[in-house]
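Everything on this sheet refers to the single structure shown next.
The values are calculated or read from the model by the stated rules, or taken from the named source; none is laboratory data. If you're wondering where the values come from, they're calculated on a predicted model, not measured in any experiment. All Cβ positions, glycine included, derive from the backbone under ideal geometry; neighbour counts span all protein chains shown. All accessible areas refer to the heavy atoms of the entire protein, side chains included, with ligands and DNA or RNA removed. Shrake-Rupley method; radii C 1.70, N 1.55, O 1.52, S 1.80 Å.
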Amino acid sequence: MDLIETSAVLDGDLPVAEFRAHLRLGTGFADDTSGDALLLRYLRAAIAAIEARTGKALMARGFRLTLDRWRWADSQALPVAPVTAVGAVTLIDAAGAETVVAADRWRLVVDRHRPQILATGAVLPQVPTNGAVTVDFTAGFGATWDAVPDDLREAVLLLAAQYYEGRTGGDPIPGSIAALVARWMPVRVTAGGHR
């Protein structure tokens, strides 16, 4: 399995002004935005940590999942949530030739925690021998920072502030921040057949 981002959140879409206000940085200087590059780095680091912890893409962007086989014959869980759209499912044979799978052969199950591709028939299209399948999809709560749930926005700002102040104490996600993201953690169900 290989997961890559096919698009990125632009710097201008990140809440730099909100983060600056959160830090209570002084104002009135000739250039209040001179430290924005550093603030952006801490915001991106905090967003990456929260996304890794929760399995959620906070802001919408494109992803490509590449597999050498389906996890199950009739379904495939997507590793990032929430998924808002699947652009294409493409089979790639051993020679590299690509075939886009007709959209009526699969469907997206929208779920904030566990989105999946399901076969509309008995099974998903067979992955070619020595080939692969790619799933191009968009994941995230929305295109703007305001679309991110309040508790996750607060967790990002708190963690970014701790990075800024150099006070993480070696704990990648301190307890107070972990409490904010707890309800967004992936649910692991075993022994019941849930995928």
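Using r as the Cβ-Cβ distance of residue 93 and residue 40, and R0 as 45 Å, what FRET efficiency do you calculate, to the nearest 0.05?
Numbers: r = 42 Å, r/R0 = 0.93.
Result of the calculation: an efficiency of 0.60.
Can you show me the helix-derived [θ] at 222 nm for the chain, built from DSSP H runs with n ≥ 4 at -39,500 (n - 2.57) apiece and divided by the number of residues, rounded to the nearest 500. Please list the in-between numbers first.
Details: 4 runs with 50 residues, N = 195.
The helix contribution divided over the chain gives -8000 deg cm²/dmol.
How far, in degrees from 0 to 90, does helix 150-165 lean away from the longest principal axis of the Cα atoms of the chain, to the nearest 10?
Relative to the chain, helix 150-165 is tipped by roughly 60 degrees.
I'd like the FRET efficiency for residue 150 and residue 104, computed as 1/(1 + (r/R0)^6) with the beta carbon distance as r and R0 of 45 Å, rounded to 0.05. Kindly include the intermediate steps, with their values, before the conclusion.
On the way: r = 38 Å, r/R0 = 0.85.
Computed FRET efficiency for residue 150 and residue 104 comes out at 0.70.
Compute the Kirkwood hydrodynamic radius of the stretch 55-188, taking the inverse of the mean of 1/r over all pairs of distinct Cα atoms, and give it in Å to one decimal. Please list the in-between numbers first.
On the way: mean 1/r = 0.0598 Å⁻¹.
Here the Kirkwood hydrodynamic radius works out to 16.7 Å.
In what sequence, largest accessible area first, do 59, 185, 1 appear using a 1.4 Å probe?
Numbers: 59 5, 185 60, 1 155 Å².
Putting 59, 185, 1 in descending order of accessible area: 1, 185, 59.
Can you tell me which of 135-145, 62-72 comes out highest on packing, and rank the rest after it, using the mean Cβ neighbours within 10 Å?
On the way: 135-145: 18.7, 62-72: 15.8.
Descending mean neighbour count gives 135-145, 62-72.
Take residue 75 and residue 17, extend 7 Å from each Cα along the Cα→Cβ direction, and tell me the distance between the two endpoints in nm.
The answer from the label model is 4.4 nm.
Can you work out the FRET efficiency for the pair residue 161 and residue 5, with r the C-beta to C-beta distance and R0 = 35 Å, to the nearest 0.05? It would help to have the intermediate numbers written out before the result.
Details: r = 25 Å, r/R0 = 0.72.
In this case the efficiency is close to 0.90.
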